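Down below is the structure, laid out as structure tokens.
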There are 2 protein chains.
Amino acid sequence: MSDSTLPEHIADQLRRDILRGKLPPDTTIKERDNAAELGVSRTPMREAIRILAKEGLVVLRPSRSPVVAQPTVKEVHDQVVVLLALEKLSAQIACHEATEADLDELDSLSQQIAEAYDTADALDLFEIDMAFHRKIAEAAHNAALADTHRSYLARLWRARFLSATMRRNRERVVSHHSAIMTALRDRDPVAVEVALDQHLGNLAEDIVAAMEADNAARKAEAEAPEGTKQKGQT
Amino acid sequence: MSDSTLPEHIADQLRRDILRGKLPPDTTIKERDNAAELGVSRTPMREAIRILAKEGLVVLRPSRSPVVAQPTVKEVHDQVVVLLALEKLSAQIACHEATEADLDELDSLSQQIAEAYDTADALDLFEIDMAFHRKIAEAAHNAALADTHRSYLARLWRARFLSATMRRNRERVVSHHSAIMTALRDRDPVAVEVALDQHLGNLAEDIVAAMEADNAARKAEAEAPEGTKQKGQT
DNA sequence: ATGATGTTTTTGGTATACCAAAAATCGTTG
DNA sequence: CAACGATTTTTGGTATACCAAAAACATCAT
């Protein structure tokens, strides 16, 4: 994923910090300070910020410091709807476009998830799961579709991560994945749509629940800071 | 559409030039020269180029001048597939989310097209048509969906324009639009899907035909250039 | 004390200068 | 004459300097 260009590196760095919660929502990203902190100039930092803005992770305000985006529940829900639609479309197209190699790779990924489910670290597991879904999009052999799907997957990283760590359910995930796989193997567009609806249909509400829990936790923490509440951050 | 920021203005300018064919595919966009030409500095020009790159209108190459993208027929076709899917999704959601005001606006746009079809300039007409389809996406009240849809609409501007100017068919367009409208008024997701399939289903092949014709024309011209080609590229 | 207003400071927007990598050109040599 | 290589030139990448708008702050008048 890491491009070799400096702004991409910076963007990757910031993205990680944002998605992992190190930079909580509403944190200002001052291009001067952040650039200095990373030992780079404002120009590439600026470009990196634009990349993240395009991804929806930070919001730009005219003549004001960009801030880490705080997506509302509705916004995330809306994005999940689009992600689901894109993935369903991908899977349908994949029914007549996927190569055997694609299906084998999907099998492999699905198997990896099943094997690693109990042993692996949640983060690693999550990466494999993302790879599985990304691969479905790629199996349609439609570059635009895969691109847009990947973009949504990335944008929803944090929300999906929250949801996934909250309710891990091995049986559900594994059986859903295998249902998707058999439908793809059968190249049956209807079955694949059903399977995906099943698997991702609850994703929206899971994510909503996870976000609300997270918001509540964050709010509680904000209201009871340890000791003195100094104004002014940094 | 015009944002008030300088890079956006530059991007708009370049986008027009590219989409209208003033900057044909494979033209290099040298940030120094182009910036000087517009009387701005390299920094905003650079940013503008990145915007267009994100939209797929120009391709960036490491340590090389960006060039105007020359999308292959397959690439455009793939994009049309996604656009169609997004618009169908929008319309389906709009069936239970659209307000009366949304529907009225759609009516108005659809009417404008019918009225202006024979009198208006093809470009104006096309703008209205784009507004109609964009409004469908907006009627779903899903910001992410509308955004992505708009991005595809913009990206396919040139291809759709080629296709539209090539085969103008008043009856077809008008009746299709009214079919879409009635389906939306009835808030009937199935009917709206049928109507959109009808309207946009042939779009893919229309565009393919138009692009092939355009490519042939361009190729013929390139093989018989009129006289001197000055200090150009390639 | 409070609100308005002027000043200072912060910060993003833009221009420009400098650098390094990659082409293209030209000269040299086998 | 061709092919290889050094040099020059082109061009994007990066750093920095300057500017303007907006927010924060302080001061003054009511």
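Which FRET efficiency value, to the nearest 0.05, is calculated for A:SER151 and B:ASP186 with the Förster distance at 35 angstrom and r the Cβ-Cβ distance?
0.55
Near the amide H of B:ILE29, under 5 Å away, which other amide H atoms are found, from residues 5 or more places off or on another chain, if H is placed in the peptide plane?
Under 5 Å from the amide H of B:ILE29 lie the amide H atoms of B:VAL67, B:VAL68, each far enough along the sequence or on another chain.
Along the Cα→Cβ direction, 7 angstrom out, place labels at B:GLU171 and A:ALA220. What is the inter-label distance in nm?
Distance between label points: 6.8 nm.
Given charges of +1 on the Cβ of Lys and Arg and -1 on the Cβ of Asp and Glu, with all other atoms neutral, how large is the dipole of the stretch A:6-70 about its Cα centre, in debye to the nearest 20?
160 debye
Mind running the shape call on the stretch A:73-211? Use the C-alpha gyration tensor, a ≥ b ≥ c as the square roots of the eigenvalues: rounded below 1.5 for a/c, prolate if a/b tops b/c, oblate otherwise.
Oblate.
Based on Cβ point charges of +1 for Lys and Arg and -1 for Asp and Glu, what charge dipole magnitude is obtained for chain B about its Cα centre, in debye rounded to the nearest 20?
Result for chain B is approximately 1280 debye, rounded to the nearest 20.
Take the alpha carbon atoms of the stretch B:103-132, find their center, do the same for the stretch A:1-62, and report the distance between the two centers in whole angstrom.
41 Å
Pick from A:SER151, A:SER90, A:SER65: which residue has the top mean-square fluctuation in a GNM of chain A where Cα pairs under 10 Å get a spring?
Maximum among the listed residues: A:SER65.
Mean residue ellipticity at 222 nm from the helices of chain A, using -39,500 (n - 2.57) per DSSP H segment of n ≥ 4 over the full residue count, to the nearest 500 deg cm²/dmol?
Value at 222 nm, helices only, nearest 500: -23500 deg cm²/dmol.
Whenever you get a sec, line up A:HIS177, A:HIS199, A:HIS77 from highest to lowest accessible area (probe 1.4 Å, protein heavy atoms).
Order by accessible area, largest first: A:HIS77, A:HIS199, A:HIS177.
Rounded to the nearest 10 Å², what accessible area does A:GLU138 have for a 1.4 Å probe in the complete protein model?
About 80 Å², ignoring ligands and nucleic acids.
Output wanted: per-residue J couplings in Hz (rounded whole) for the stretch A:74-91, from phi through Karplus 6.51 cos²θ - 1.76 cosθ + 1.60, θ = phi - 60°, x for Gly and Pro.
Once θ is set to phi - 60°, the couplings for the stretch A:74-91 become 4, 4, 5, 4, 4, 5, 5, 4, 5, 4, 4, 4, 5, 6, 5, 4, 4, 5 Hz.
Once a ≥ b ≥ c are taken as the square roots of the eigenvalues of the Cα gyration tensor of the stretch B:6-70, is the result rounded (a/c under 1.5), prolate (a/b larger than b/c) or oblate (a/b not larger than b/c)?
Rounded, since a/c falls under 1.5.
Which of A:ALA204, A:ALA183, A:ALA144 moves the most in a Gaussian network model of chain A with Cα springs under 10 Å?
A:ALA144
Whole-Hz ³J(HN,Hα) for each residue in the stretch B:104-112, computed from phi via Karplus 6.51 cos²θ - 1.76 cosθ + 1.60 with θ = phi - 60°, x for glycine and proline: what do you get?
4, 5, 4, 4, 4, 5, 4, 5, 4
Rounded, prolate or oblate for the stretch A:99-139? Axes are the square roots of the Cα gyration tensor eigenvalues, ordered a ≥ b ≥ c, and the cut-off for rounded is a/c under 1.5.
oblate
Within a 10 angstrom radius of each residue's Cβ in A:138-145, how many Cβ atoms of other chains show up on average? Whole number is fine.
5
What FRET efficiency comes out for B:ARG61 versus B:ALA209 if R0 is 41 angstrom and r is the Cβ-Cβ distance? Round to the nearest 0.05.
Result of the calculation: an efficiency of 0.85.
Treating only the Cβ atoms of Lys and Arg (+1) and Asp and Glu (-1) as charged, compute the dipole magnitude of the protein assembly as shown about its Cα centre; round to the nearest 20 debye.
Dipole of the protein assembly as shown, to the nearest 20 debye: 1800 debye.
Which of these, A:VAL40, A:VAL80, A:VAL59, has the largest mean-square fluctuation under a Gaussian network model of chain A (Cα springs below 10 Å)?
Of A:VAL40, A:VAL80, A:VAL59, the most mobile in the Gaussian network model is A:VAL40.
Name all residues of the stretch B:150-180 having a backbone nitrogen under 12 Å from the label point set 7 Å from the Cα of B:ASN202 along its Cα→Cβ direction, giving them as ranges.
B:167-176
Summed for both chains, how many Å² of accessible area, to the nearest 100, are buried between A and B with a 1.4 Å probe?
Roughly 1600 Å².
Can you give the translational diffusion coefficient of the protein assembly as shown in µm²/s, computed by Stokes-Einstein from the Kirkwood radius over Cα pairs at 25 °C and 0.890 mPa s?
So the translational diffusion coefficient is about 100 µm²/s.
Along the charge dipole of the protein assembly as shown, which of B:ILE51, A:SER175, B:GLY39 sits closest to the positive end, that is, farthest toward it, with unit charges on the beta carbon of Lys, Arg, Asp and Glu (+1, +1, -1, -1)?
Projecting each Cα onto the dipole axis, the largest value belongs to B:GLY39.
Return one number: the angle in degrees, 0 to 90 and rounded to the nearest 10, between the long axis of the Cα atoms of helix B:203-223 and the longest principal axis of the Cα atoms of chain B.
For helix B:203-223, the angle is close to 20 degrees.
Quick one: accessible area per residue over the protein assembly as shown, 1.4 Å probe, rounded to a whole number of Å²?
52 Å²
Taking all protein chains as present, what is the carbon and sulfur share of the accessible area of the stretch A:6-70, in % to the nearest whole number, probe 1.4 Å?
Accessible surface attributable to carbon and sulfur in the stretch A:6-70 totals 49 percent.
Against the longest principal axis of chain A, how steep is helix A:157-166, in degrees 0 to 90 to the nearest 10, with axes from Cα atoms?
70 degrees
What angle, in degrees between 0 and 90 and rounded to the nearest 10, separates the Cα long axis of helix A:143-155 from the longest principal axis of the Cα atoms of chain A?
The two axes meet at around 50 degrees.
The values are calculated or read from the model by the stated rules, or taken from the named source; none is laboratory data. Everything numeric here is computed off the predicted structure, so don't read it as measured data. Quick reminder, even Gly has a Cβ in these numbers, built from the backbone with ideal geometry, and neighbours come from all protein chains shown. Surface accessibility is based on the protein's heavy atoms, side chains included, excluding ligands, DNA and RNA. Shrake-Rupley method; radii C 1.70, N 1.55, O 1.52, S 1.80 Å.
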